[in-house]
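J.: Below you'll find the structure I mean.
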Amino acid sequence: MADEEEATYSEEEEDNTLVNSAVVEKYKTAGSFCNVALKAILEQCKPGAKILELAEIGDKLILEQTEKVFNKGKGDDKIEKGMAFPTCVNVNSTVCHYSPESDDASPPLVAGDVVKIDLGCHIDGFCAVLAHTVIVADDLKAEVPASPASNVVAAAAACNKAVTHCMRPGVKNTDVTATIEKIAKDFNVTPVEGVLSHELKRYIIDGSSCIANKHTPDQRLLETEFNEASAWTLDVVFSSAPFDTKEAGKLRQEDAKTSVFKRSLDTSYQLKMKASREVFFDINKKFQTFPFSMRHLDPKKGRFCISECMKHDLVNPYPVLKSKADETVAQFKTTILLKPSEIEAITGVDAQKIATDKAIVDKDVLNDCGRSLQLKKKKKKNKKKSGAKDDKKDEE
């Protein structure tokens, strides 16, 4: 009996799916903290703002909020929490992974800059992430005039919101990719190649099950169906280049130094330098399996540590990626919970008001994306019939 109780307790303890209400609470708490941080950053996205200061606002708010919750555990029961992705501020042709270091000398923002904010938070390893695009203006509540730049922002925002309705149990990842491409066609923009949306699991921000932003022959992804009680990111990234423009929507590495890294879980090595060992210890303690920025490390020892870690494959880099100079890129990323009863987007805020003459018109997309976020509950089998048969057998 004792063994059965221990086994049952163990199974319950290991339930890291959305069937477990405690897991849902942690995901949603992390998501709410992401939203608070994003709103604070957006309020400062005005002409004259400095990129480093915007990034610091995001990181500070994530850490301040996580310090206030889930503090009852001690020792081995203490719950880890903090940043799941360092705040990145990507301006204009810089598309992703620009997380400014403490000595950043980027020019201040000017009106018309297209800024992509990317950040993440975790509670007990259950992470929520988001990305949002804003066009810098003195009055962020005013409607943005129609232009190729504003059109691509409107397209990415509309696509992210619509496709959320399609991510339901039984639907295939390839179906979602096809829907993203149809919406891009309606707005006459191009999906960016190489962008992946991942299934989320505890301490895993980039699960092996993925959704491609754009189908390409050389990118082979395993076709999979969405499962009930799973968590996903939906990362939509569009280029302003007209749909089907050759060589459009392709990213290249920027000359900027890589500042975002993630610990490699497949490699172990005893670092030779004492300073490197100290920094690597802090990386494991503060960030666990999640990406981090160079500005979070010791300013003197950090770069030496990362250099030695790179030589021995102890960390994986997130290089800064850039689009062509004549393309404007917009990104909207949301964390979505496929709960047994509903589909719930837990990160993201409303996009700017944008004037555009484009809209989703594809009939199949309108039908698929027009479905309710509420999921129909499975009907329970009628036990009365089987019970009645058993009664008859007993009578015989």
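The values are calculated or read from the model by the stated rules, or taken from the named source; none is laboratory data. Everything quoted here is computed from the prediction, not taken from an experiment. Reconstructed Cβ throughout: ideal geometry from the backbone, glycine too, with neighbour counts over all protein chains shown. Surface accessibility is based on the protein's heavy atoms, side chains included, excluding ligands, DNA and RNA. Shrake-Rupley method; radii C 1.70, N 1.55, O 1.52, S 1.80 Å.
J.: When both residues are 6+ apart or on different chains and their Cβ atoms are under 6 Å apart, which pairs have a first residue that lies in the stretch 368-380 and is aliphatic (A, V, I, L, M), and a second that is modelled with pLDDT of 70 or more?
T.: Correct list of pairs: L373/E342; L373/I343; L375/S341; L375/E342.
J.: Taking the conditions exactly as written (open to solvent by 20 Å² or more (accessible area, probe 1.4 Å) and touching a Cys at 6+ places or on another chain (Cβ under 6 Å)), does L196 satisfy them or not?
T.: When the stated conditions are applied, L196 passes them.
J.: So which residues in the stretch 92-126 are within 27 Å of L234 (Cα to Cα), open to solvent by 10 Å² or more (accessible area, probe 1.4 Å) and in a loop (DSSP other than H, G, I, E, B), if there are any at all?
T.: Answer for the stretch 92-126, where residues must be within 27 Å of L234 (Cα to Cα), open to solvent by 10 Å² or more (accessible area, probe 1.4 Å) and in a loop (DSSP other than H, G, I, E, B): N92, S93, H97, Y98, G112, D113, D124.
J.: Confirm whether I211 is closer than 23 Å to A158 by Cβ, modelled with pLDDT of 95 or more and open to solvent by less than 50 Å² (accessible area, probe 1.4 Å).
T.: yes
J.: Would you mind finding the one in T289, T335 that is in a loop (DSSP other than H, G, I, E, B), open to solvent by less than 30 Å² (accessible area, probe 1.4 Å) and at pLDDT 95 or above?
T.: Within the list T289, T335, the selection yields T289.
J.: Scan (1) open to solvent by 50 Å² or more (accessible area, probe 1.4 Å); (2) free of Cβ contacts under 8 Å to residues at least 24 places away in the same chain for the single condition A40 breaks and write down its number.
T.: (1)
J.: So which of V189, V152, V129, V136 ends up being closer than 14 Å to K333 by Cβ, among the aliphatic types (A, V, I, L, M), open to solvent by less than 20 Å² (accessible area, probe 1.4 Å) and modelled with pLDDT of 95 or more?
T.: When all the criteria are applied, what remains is V129.
J.: Another one. Of (1) over 19 Å from the mean Cα position of the chain (by Cα); (2) under 27 Å from A345 (Cβ atoms); (3) in a helix (DSSP H, G or I); (4) not basic (K, R), E53 satisfies all except one. Which?
T.: Only one criterion is unmet by E53, namely (2).
J.: Scan (1) open to solvent by 70 Å² or more (accessible area, probe 1.4 Å); (2) in contact with a helix residue (DSSP H, G or I) (Cβ under 6 Å, 6 or more places away or on another chain); (3) not hydrophobic (A, V, I, L, M, F, W, C) for the single condition D218 breaks and write down its number.
T.: Every condition holds for D218 apart from (2).
J.: Another question, if that's okay. Among the residues of the stretch 167-185 satisfying the criterion of being small (G, A, S) and in a helix (DSSP H, G or I), which is surrounded by the most Cβ atoms within 10 Å (Cβ to Cβ)?
T.: The qualifying residue surrounded by the most Cβ atoms within 10 Å (Cβ to Cβ) is A184.
J.: State whether one or more residues within the stretch 215-235 are farther than 23 Å from A184 by Cβ, in contact (Cβ under 8 Å) with a residue 12 or more places away in the chain and touching a Ser or Thr at 6+ places or on another chain (Cβ under 6 Å).
T.: yes
J.: Can you work out which of the residues in the stretch 60-90 that are in a helix (DSSP H, G or I) and under 30 Å from S323 (Cβ atoms) is least open to solvent (accessible area, probe 1.4 Å)?
T.: The qualifying residue least open to solvent (accessible area, probe 1.4 Å) is I62.
J.: Those residues that are open to solvent by 10 Å² or more (accessible area, probe 1.4 Å) and not in a loop (DSSP other than H, G, I, E, B), I need them from the stretch 234-268; list them, please.
T.: D235, R252, Q253, K262, R263
J.: Restricting attention to the stretch 31-43, does a residue exist that is in contact with a Ser or Thr (Cβ under 6 Å, 6 or more places away or on another chain), farther than 18 Å from C127 by Cβ and not β-branched (V, I, T)?
T.: No, that holds for no residue.
J.: How do the pairs read when you match residues in the stretch 17-34 that are in contact (Cβ under 8 Å) with a residue 60 or more places away in the chain and surrounded by fewer than 19 Cβ atoms within 10 Å (Cβ to Cβ) with residues anywhere that are in a helix (DSSP H, G or I) and not β-branched (V, I, T), using Cβ under 9 Å and keeping only pairs 6 or more apart or on different chains?
T.: S32/Q65
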